[in-house]
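Engineer: Input: one structure, supplied below.
Read-outs throughout are calculated quantities, based only on the coordinates presented, and are distinct from any laboratory measurement. From a predicted model like this one, the values you see are computed outputs, not experimental measurements. All Cβ positions, glycine included, derive from the backbone under ideal geometry; neighbour counts span all protein chains shown.
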Amino acid sequence: MNRRERRMCDLLKQLKTDYGGVSVKAEFEAEGTRTDELLRLVEISRKAGLKVGLKIGGCEAIRDLMESKQIGVEYIVAPMVETGYALSKFIDAKNKVYRDQEREDTEFLANLETITGFNNINHMSEIASSEGGIDGFVFGRVDFAGSLDLNRELLNGDKLAEYCRAVSQICKSHKLDLVIGGGISVEAVDFLRAIHENYLSRFETRKIIFDSQALTKKMIGEGLLVAVEFELLWLKNKQEYYSRITSEDVRRIDMLEARWKVRGH
């Protein structure tokens, strides 16, 4: 581990001890996390004693599920699950890759991120809570707001809160986990606390997943800022890593181009 990664590890330990952090997070989907990046993130999180959450590329992404199983990911999220049929495809895929005993160590969730998904939430919750189903839903606020043509400035407003409260009640009645993400920052704390009063399992920033009980802590705002610092260091570390790869063959390329030109090409 380099110096920056050691600092990242220390931040994760702080998040776990002081602010209710339970997991780091990566995405094969929108974020496009590469396998080598994921392995670095896994090593850092394991040394800090945190779990790993991963959003796979789709409801039937078998290869992603196989890779998640090999690495030992604890939270798996399938994106853009809008119908009972799509949820059934995800359930069939994860049950194909993970045997019964293997599923005991992993939680499977579906991303609820459009108004279409919301309109089908009752049916999907029945499927999710059936035997061999999934553990819950992740409410993706940014994409959900986009499906309603709402801009980001309204993420913490009453309209989105109304949808979240409705989903919270449905998840509670079906004994399913509810995780809220999308644009989570210090400004979202009051929004999250209002949902937590009814029912909330976890909430997540781009890179950190928190237990909902973290919202009862007065210093949760500081915890969210620590999560920002972790993400910033992660991006800088990734940038430096790929910059080295880009530049490592520059001298060899220059030498070969010079030889090529000597031949008159």
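Engineer: Within 10 Å of each residue's Cβ, count the other Cβ atoms and sort Ser185, Ser45, Ser243 from fewest upward.
Structural biologist: Ser243, Ser185, Ser45
Engineer: Follow-up. Note the angle between two axes, namely the Cα long axis of helix 84-97 and the longest principal axis of the Cα atoms of the chain, as a number of degrees from 0 to 90, rounded to the nearest 10.
Structural biologist: With rounding to tens, the tilt is 60 degrees.
Engineer: Could I ask something else about it? Taking the Cα of Asp190, stepping 7 Å toward and past its beta carbon, and measuring to each backbone N in the range 152-169: which are under 16 Å?
Structural biologist: 153-162
Engineer: Extension gain Met255-Ser173, at 0.36 nm per residue separation less the Cα-Cα distance, in nm?
Structural biologist: 22.7 nm
Engineer: In percent, what relative contact order does the chain have, based on Cα pairs under 8 Å that are 6 or more apart in sequence?
Structural biologist: Relative contact order here is 18 percent.
Engineer: I need the calculated FRET efficiency for the pair Glu162 and Ile71, taking r as the beta carbon distance and R₀ as 41 Å, to the nearest 0.05.
Structural biologist: Efficiency for this residue pair is about 0.60.
Engineer: At R0 = 22 Å, how high is the FRET efficiency between Arg152 and Glu60 if r is their beta carbon distance? Nearest 0.05 is fine.
Structural biologist: After rounding, the FRET efficiency stands at 0.15.
Engineer: Return, for the Cα atoms of the chain, the radius of gyration and Dmax in Å, separated by a comma.
Structural biologist: According to the Cα coordinates of the chain, Rg and Dmax are 20.7, 77 Å.
Engineer: So which GluC sites (Glu not before Pro) in the range 31-119 are both in a DSSP loop and have at most 15 other Cβ atoms within 10 Å of their Cβ?
Structural biologist: Answer by residue number: Glu31.
Engineer: Determine which aspartates and glutamates satisfy two conditions relative to Lys175: a Cα distance under 15 Å, and not lying fewer than 8 residues away in the same chain.
Structural biologist: Partners within reach: Glu107, Glu126, Glu131, Asp135.
Engineer: Starting from the Cα of Lys236, step 7 Å along the direction of its Cβ; do the same at Asp92; then give the gap between the two resulting points in nm.
Structural biologist: Roughly 4.8 nm, to one decimal.
Engineer: Using Cα atoms only, what is the angle between the long axis of helix 220-247 and the major principal axis of the chain, expressed in degrees (0 to 90) to the nearest 10?
Structural biologist: 30
Engineer: Now for a separate question. Rounded to the nearest 500 deg cm²/dmol, what is the calculated helix-only ellipticity per residue at 222 nm for the chain, with -39500 (n - 2.57) per DSSP H run of length n ≥ 4?
Structural biologist: One gets -16500 deg cm²/dmol as the mean residue ellipticity at 222 nm.
Engineer: Working out 0.36 nm times the residue gap between Glu197 and Thr83, then minus their Cα-Cα distance, what length gain in nm do you get to one decimal?
Structural biologist: Once the chain is fully extended between Glu197 and Thr83, it gains 38.2 nm.
Engineer: Here's something else I'd like to know. Which distance in nm do the two modelled labels at Glu31 and Asp100 give, with both placed 7 Å along the Cα-to-Cβ direction?
Structural biologist: Spacing of the two 7 Å Cα→Cβ label points: 3.4 nm.
Engineer: Among DSSP beta bridges lying fully in the chain, give the percent that are antiparallel, nearest 5.
Structural biologist: Given both bridge residues lie in the chain, the antiparallel proportion sits at roughly 20 percent.
Engineer: Dipole of the chain (Lys/Arg Cβ +1, Asp/Glu Cβ -1, origin at the Cα centre): which of Leu224, Gln101, Met255 lies farthest to the positive side?
Structural biologist: Farthest towards the positive pole: Met255.
Engineer: Alpha carbon centre of the range 208-265 versus the range 104-148: separation in Å?
Structural biologist: The range 208-265 and the range 104-148 have Cα centres spaced 32 Å from each other.
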